[in-house]
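Report on one structure; see the data block that follows.
The values are calculated or read from the model by the stated rules, or taken from the named source; none is laboratory data. A quick note: this is a predicted structure, and the numbers were derived from the prediction, not measured. All Cβ positions, glycine included, derive from the backbone under ideal geometry; neighbour counts span all protein chains shown. To get the accessible areas, we keep the full protein, side chains included, count just its heavy atoms, and leave off ligands, DNA and RNA. Shrake-Rupley method; radii C 1.70, N 1.55, O 1.52, S 1.80 Å.
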Amino acid sequence: PYSIDIERFQSNLSEQVQDEIQLKYGLQNVDVVLFVGKLSENKGVHRLIKSVSELNHHCVHVVIVGDGEERERLEELAERRLGKDCTFTGSIPNDNLPNYYAVSDVLVLPSISEPWGLVMNEAIACGTPVVATENSGAVGDLIIDHQTGLVVNPKNQREIGDAIDEYL
């Protein structure tokens, strides 16, 4: 249950759709940091927003895909910390997700607790590196240090930011 059909997933990749995504959200000529998941407190998205806001030498845009009970609070935080450099897309159909991974420079899964984190499988299938916390169940199986991604401490905002910075 904790895997994806890589061929089926990759068959949804489309350069045309990727161009449309970049145009729609203004992602040309910027580094794209992606989060995909439910917007709940245990996902740690607030740490992602704060970490990116402290990067001061990159032109970075954060794309947050998903919905949940924390969305309004996260949107307010993002507005204060990132301004126009953060987009909340809401839920995206699964068939479109590969294109979001493909236009991104790094997927960040800053979870405080995560049984597996299927989004890591998906990102890696699209060639997108992953920054995930040591509390994400799949890191031991999916993250090869500096190849498929980096593992960070979920409570260390600076470490999260440094790992993002390394991929950007």
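The residues on offer are GLU166, GLU114, and the sole one that is crowded, with 17+ Cβ neighbours inside 10 Å and charged (D, E, K, R) is GLU114.
Scanning the stretch 32-80 for residues that are modelled with pLDDT of 95 or more, open to solvent by 60 Å² or more (accessible area, probe 1.4 Å), assigned to a loop (DSSP other than H, G, I, E, B) and not acidic (Asp, Glu) yields one hit, LYS38. ARG8 passes every criterion in (1) at pLDDT 95 or above; (2) in a helix (DSSP H, G or I) apart from (1). Do we find that PRO98 is farther than 18 Å from ALA163 by Cβ and buried (at least 19 other Cβ atoms within 10 Å of the Cβ) in this structure? Yes, satisfied. Out of the residues in the stretch 132-163 meeting the condition of being in a loop (DSSP other than H, G, I, E, B) and within 15 Å of ASN121 (Cα to Cα), tell me which one is most open to solvent (accessible area, probe 1.4 Å). Out of the qualifying residues, it is GLN147.
Would you check which residues across the stretch 110-132 are out of contact with any helix residue (DSSP H, G or I) (no Cβ under 7 Å at 6 or more places or on another chain) and at negative phi and list them? Within the stretch 110-132, GLU114, PRO115, TRP116, LEU118, VAL119 meet the criteria. Is there a residue in the stretch 9-28 that is open to solvent by less than 30 Å² (accessible area, probe 1.4 Å), among the small types (Gly, Ala, Ser) and at positive phi? No, because not a single residue in the stretch 9-28 is open to solvent by less than 30 Å² (accessible area, probe 1.4 Å), among the small types (Gly, Ala, Ser) and at positive phi.
Pairing residues of the stretch 1-25 that are touching a residue at least 12 places away in the same chain (Cβ under 8 Å) with residues that are outside any helix (DSSP H, G or I) and open to solvent by less than 100 Å² (accessible area, probe 1.4 Å), at Cβ distances under 6 Å and at least 6 apart in sequence or on separate chains, gives TYR2/TRP116; GLN18/VAL103; ILE21/VAL103; GLN22/GLN28; GLN22/VAL103; TYR25/THR87.
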